[in-house]
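Participant: Sharing a structure here in structure tokens format.
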Amino acid sequence: MELPIYRMTVDEVDEGVQFVALVDMPAIEKPFQAFAKTPQRFAETGERRVLTGPLMLADTPIYRKDDTYGEYYVVFDKATIRKIVQKYFKQGNQHNVNAYHNAELDGVFMFESYIIDREKGIMPPKGFEDISNGSWFGSFKVDNEKIWNEVKAGTFKGFSVEGLFRYEKTNKVVTQEEQIMQQIFKILSQIEH
């Protein structure tokens with residue numbers, strides 16, 4: 001069965017990313033990296049409490065299923081991601097972090113953000129070398145003791161953006177063969193971690 005692909009866009013007023021959620025199963029299927037300790041040459045300085053990982057992947061189909069569209073994929077292109085990131089910072093949303101798109105979290109905030117652009121020398125972090133140009137990465141400081149303990153326990157494994165987007169149907173589809181290959185890659189990546 002072929003599933004349609006919708007290109008996600010945003011307008012200048014209402015649409016865009018308002019929150020970043022900590023989740024156990026990110027839709028982009030890429031976990032964050034939790035940096036617990038700052039490696040020093042002579043001494044440990046304690047836990048850094050930093051989470052770094054992808055927030056949005058450019059030109060990567062993301063599986064969705066809902067009552068409105070049924071089963072389908074969405075894609076954010078590079079230009080849309082850049083527009084979303086600029087609007088996110090213009091609105092001052094760096095402190096808007098929640099758990100599972102529900103409870104807002106205190107003591108967690110974004111302090112670093114960048115869009116992968118190899119031509120400009122902005123590379124993905126180690127472990128994410130396969131991420132496409134135009135993808136959005138962020139680093140979050142976790143001062144909240146309870147949340148940091150949940151990160152260390154494996155409760156949270158990645159990021160999920162939350163916002164309003166416009167759906168534009170494309171002429172592209174994801175074939176059944178491509179869906180099967182995506183599932184195989186997903187299983188293999190879970191075995192490696």
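The values are calculated or read from the model by the stated rules, or taken from the named source; none is laboratory data. Since the model is a prediction, treat every value here as computed from it, not as a measurement. Note that we place each Cβ from the backbone using ideal geometry, even for glycine, and neighbour counts take in every protein chain shown. To get the accessible areas, we keep the full protein, side chains included, count just its heavy atoms, and leave off ligands, DNA and RNA. Shrake-Rupley method; radii C 1.70, N 1.55, O 1.52, S 1.80 Å.
Participant: Obtain the nm distance between the two label points defined at LYS141 and ASP77 by a simple spin-label model: each point lies 7 Å from its Cα along the Cα-to-C-beta direction.
Facilitator: Taking the simple label geometry, LYS141 and ASP77 are separated by 3.7 nm.
Participant: Separate question: Ranked from highest to lowest mean number of other Cβ atoms within 10 Å per residue, what is the order of the peptides 51-58, 80-87?
Facilitator: Going from most to least packed, we get 51-58, 80-87.
Participant: Return the FRET efficiency for the residue pair PHE185, LEU164: r is the Cβ-Cβ distance, R0 is 35 Å, and the value is rounded to the nearest 0.05.
Facilitator: 0.70
Participant: Share of the chain's accessible area from carbon and sulfur, percent, 1.4 Å?
Facilitator: 52
Participant: What Kirkwood hydrodynamic radius, in Å, does the chain give when the mean of 1/r is taken over all pairs of distinct Cα atoms and then inverted?
Facilitator: The Cα-based Kirkwood calculation yields 17.8 Å.
Participant: For the chain, give me the percentage of DSSP beta bridges that are antiparallel, rounded to the nearest 5 percent.
Facilitator: Just about 85 percent of them are antiparallel.
Participant: What does the extension gain come out to for ALA153 and GLU104, with contour length at 0.36 nm per residue minus their alpha carbon separation?
Facilitator: 15.7 nm
Participant: To the nearest 0.05, how large is the calculated FRET efficiency for GLU129 and ASP67 if R₀ is 45 Å and r is the Cβ-Cβ distance?
Facilitator: 0.75
Participant: Leaving out ligands and nucleic acids, note down the accessible area per residue over the chain with a 1.4 angstrom probe, in whole Å².
Facilitator: The answer is 58 Å² per residue.
Participant: Still on this structure, please answer the following. Tell me what the chain gives for mean residue ellipticity at 222 nm when only DSSP H runs of n ≥ 4 count, each as -39,500 (n - 2.57), the sum divided by the residue total, rounded to 500 deg cm²/dmol.
Facilitator: The helix-only estimate for the chain comes to -6500 deg cm²/dmol at 222 nm.
Participant: Based on the mean of other Cβ atoms within 10 Å per residue, sort peptides 115-128, 135-148 so the most packed one is first.
Facilitator: My ranking of the peptides, most packed first, is 135-148, 115-128.
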